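The values are calculated or read from the model by the stated rules, or taken from the named source; none is laboratory data. What you see is a predicted model, and the numbers here were worked out from it, not measured in a lab. Cβ placement follows ideal geometry from the backbone for every residue including glycine, while neighbour counts extend to all protein chains displayed. For the accessible areas, the whole protein counts, side chains as well, though only heavy atoms, and no ligand, DNA or RNA atoms are used. Shrake-Rupley method; radii C 1.70, N 1.55, O 1.52, S 1.80 Å.
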Amino acid sequence: SVFDGNNFGATIRIMADTPENIQFDGQQTDERVLYIVVPHQFAKYVALVRLVLLALFFFFILQLIASVVPSFTVPIRIASVVFSGLLLVVGFWWNETVYSKSKTYITDRRIIRFEVMTPFFTTKRALFWNEALKAKGYAPNIFWKMLGIGKVRVEPQLAEGEDVLVHDVFMYDDVSNYIDKILFTFKNKPADVAAIKPFVPKPRGHRDPP
């Protein structure tokens, strides 16, 4: 399947064998990364298709306007090509930037999300496990659910609006269950958090043995 954890469909980068090699901005001393989530490749392709359709829409609209305004036909037709082409170039670049730099790290201490907002600004939102209440995984609709792609929301104990929402997560149910496992361990047997193994994005029964 193209959505297995071993090919392009799986947008999870696993460093389970060498967690000490994983570093991110703001990482604390001895903080251990258990999992890295990046947006699913399929979501990226859907965004590109929407971009192409949008460019075609503007192209045909401007071409239609050019056909009914004879005195400006040539300038409008040129503008339709230039505008649509520019929209595609900028859109493809922005899409690649967003989907390559947006990452979420699940560690033994917290979940921290980096999301690209502008070419010069990336937001960072973190929630430590002692501040988190629960995790919830869900798909926006039946189409995404069939693909196993959805969202994971980690809710805080007190502050509203301080939750961490991760989009386009492959195996979102398993990821949210994994976070709940970390939360349960942290609250009931905090000493055992150090023994939690990195998450492996494979179907149950096909994951690496302990």
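A straight chain from SER67 to LYS181 at 0.36 nm per residue would run longer than the Cα-Cα distance by 34.8 nm. The heavy atoms of TYR99 offer some 50 square angstrom of accessible surface to a 1.4 angstrom probe. When the helices in the chain are scored as -39500 (n - 2.57) per DSSP H run of 4 or longer and the sum is shared across all residues, what 222 nm value do you end up with, to the nearest 500 deg cm²/dmol? Rounded to the nearest 500, the figure is -13000 deg cm²/dmol.
Between VAL49 and LEU158, take the C-beta separation as r, use R0 = 45 Å, and let me know the FRET efficiency to the nearest 0.05. Result of the calculation: an efficiency of 0.65. Computed from the C-beta positions of PHE83 and GLN23 and an R0 of 45 Å, the FRET efficiency is 0.60 to the nearest 0.05. Of the whole protein surface, GLU31 contributes about 10 Å² of accessible area at a 1.4 Å probe radius.
Note on TRP94 and MET146: their simple-model spin labels are 3.0 nm apart, each label 7 Å out from Cα toward Cβ.
Between VAL200 and PHE57, the distance separating the two model label sites (each 7 Å from Cα on the Cα→Cβ line) works out to 4.5 nm. Across the protein chains, with a 1.4 Å probe defining accessible surface, the residues HIS167, HIS40 rank HIS167, HIS40 from largest area downward. If a/c stays under 1.5 just call it rounded; otherwise compare a/b with b/c (prolate if a/b is bigger, oblate if not). Do that for region 89-160, with a ≥ b ≥ c from the square roots of the Cα gyration tensor eigenvalues. The shape class here is oblate.
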